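Inspection log for the structure reproduced underneath, given as structure tokens.
The values are calculated or read from the model by the stated rules, or taken from the named source; none is laboratory data. This one's a predicted model, so the numbers in the text were calculated from it and none came from an experiment. Cβ coordinates were reconstructed from backbone atoms using ideal geometry, including for glycine residues, and neighbour counts include every protein chain displayed.
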């Protein structure tokens, strides 16, 4: 089977094809800008080890929202009494590790 050459586009068809081409270029440029923005945001998302504990916890929450949501759900299920009991065990351990 030999391919028949396509006839030239009418001016109206060419106008539509030109608009499609411009739209594709615009979408490609938008995708590239989005990729660059994401790369910049990810580069800035690094956690400074010398920053204060609340700042590091906030950065952790931004980097790992699923884990934070799971921990919050687990805390709700466990209840306040168990949370206080576990905190009473973990706080001395964490303070020893920081020394």
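Every residue, every condition in (1) over 12 Å from the mean Cα position of the chain (by Cα); (2) modelled with pLDDT of 85 or more, yes or no:
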{"site": "20", "(1), (2)": "yes, yes"}
{"site": "24", "(1), (2)": "yes, yes"}
{"site": "30", "(1), (2)": "yes, yes"}
{"site": "39", "(1), (2)": "no, no"}
{"site": "45", "(1), (2)": "no, no"}
{"site": "49", "(1), (2)": "yes, no"}
{"site": "52", "(1), (2)": "yes, no"}
{"site": "59", "(1), (2)": "yes, no"}
{"site": "65", "(1), (2)": "no, yes"}
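Report the residue count in the range 57-75 for those that are outside any helix (DSSP H, G or I) and either touching a residue at least 40 places away in the same chain (Cβ under 8 Å) or surrounded by fewer than 11 Cβ atoms within 10 Å (Cβ to Cβ) (or both).
Residues flagged as outside any helix (DSSP H, G or I) and either touching a residue at least 40 places away in the same chain (Cβ under 8 Å) or surrounded by fewer than 11 Cβ atoms within 10 Å (Cβ to Cβ) (or both) within the range 57-75 amount to 0.
Does residue 54 satisfy the condition of being assigned to a loop (DSSP other than H, G, I, E, B) and either loosely packed, with under 11 Cβ neighbours inside 10 Å or touching a helix residue (DSSP H, G or I) at 6+ places or on another chain (Cβ under 6 Å) (or both)?
So residue 54 does not fit the description; no.
May I ask you to verify whether residue 29 is assigned to a helix (DSSP H, G or I), surrounded by 10 or more Cβ atoms within 10 Å (Cβ to Cβ) and not assigned by TED's automatic domain parsing to the domain that holds residue 94?
Yes, satisfied.
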